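The values are calculated or read from the model by the stated rules, or taken from the named source; none is laboratory data. Everything quoted here is computed from the prediction, not taken from an experiment. So basically every Cβ, Gly included, is an ideal-geometry build from the backbone, and we count neighbours across all protein chains shown. We work out accessible area using only protein heavy atoms, side chains counted, and drop any ligands, DNA or RNA first. Shrake-Rupley method; radii C 1.70, N 1.55, O 1.52, S 1.80 Å.
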Amino acid sequence: MNAGKFIEEYSSNQVKYISFQWNGKHANEMVDDNLDFRREIIKYLESINYHNINGELLRDLLIAESQYAKEAWGIYRHYNLLAENLIRQTGKLYLDDFLISASLSFDTYCSTLAVDLTDIDIDEYIIEIYERRAMIQKENMIKTYDMGIDIFLSYKAKQSKANDLVRQEINTSKPNILKNILRFIKKIFVS
């Protein structure tokens, strides 16, 4: 099956070709019948920088990769980019899937923390998670939402640090700019 054509024509009824198909074993003994094709799809998406990709496909890939990570005791090295692009391209639509995937294993949680959403309004997501949490009774989803709040608070902290670094760079470059302007003016008037 051609990766480009599959991506272009993807609908959720094709999930069977990319879903986690597990043999029941772990780590080195584990077999996922769809792993090779799924990774081919992901690498193709990476090659086009996830440009204009179907949200269902991103969601289904993230779910399959998180299930794989849980049972393989390891994770795809660019899992965070898949998670990041799911949020960037679909907003809050698949937020529950994003959070559930992040909560499946230590590896998915840590990789999800590496997501870069510095230019996204994180407060909107934190409020959304709080609202969803208030409406749910299932204990496992309450824990997932609590973890999600922590994840998005960590993104907010990254944003704050990034903004501080930009401010610091601007402040430290101002004297250099002024010095250069003064040198230029001095050259003009001395000549």
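For ILE87, the accessible surface of its heavy atoms amounts to roughly 0 Å² (probe 1.4 Å, protein chains only, rounded to the nearest 10).
Over segment 105-153, the reciprocal of the mean inverse Cα-Cα separation, the Kirkwood hydrodynamic radius, stands at 11.5 Å. Summarising the amide proton neighbourhood of ILE75: residues at separation of 5 or more, or on other chains, whose placed amide H is nearer than 5 Å comprise an empty set.
Accessible surface comparison of ASP97, ASP33, ASP123, probe 1.4 Å, protein chains only, largest first: the order is ASP33, ASP123, ASP97. Just so you know, the Cα atoms of segment 13-147 work out to an Rg and Dmax of 14.9, 43 Å. For segment 1-55, the set of trypsin sites (Lys or Arg not before Pro) satisfying both a DSSP loop assignment and a count of at most 14 other C-beta atoms within 10 Å is given as LYS25. Computed with a 1.4 Å probe over protein heavy atoms only, the accessible area of SER154 comes to about 40 Å².
For segment 112-161, the list of trypsin sites (Lys or Arg not before Pro) that fall in a loop by DSSP and count at most 11 other C-beta atoms within 10 angstrom reads LYS138. Put TYR94, TYR79 in order of accessible area, highest first, and with a 1.4 Å probe you get TYR94, TYR79.
Under the √(5λ) rule applied to the eigenvalues of the Cα gyration tensor, what semi-axes describe the equivalent ellipsoid of segment 5-87? Give them in Å, descending.
21, 14, 10
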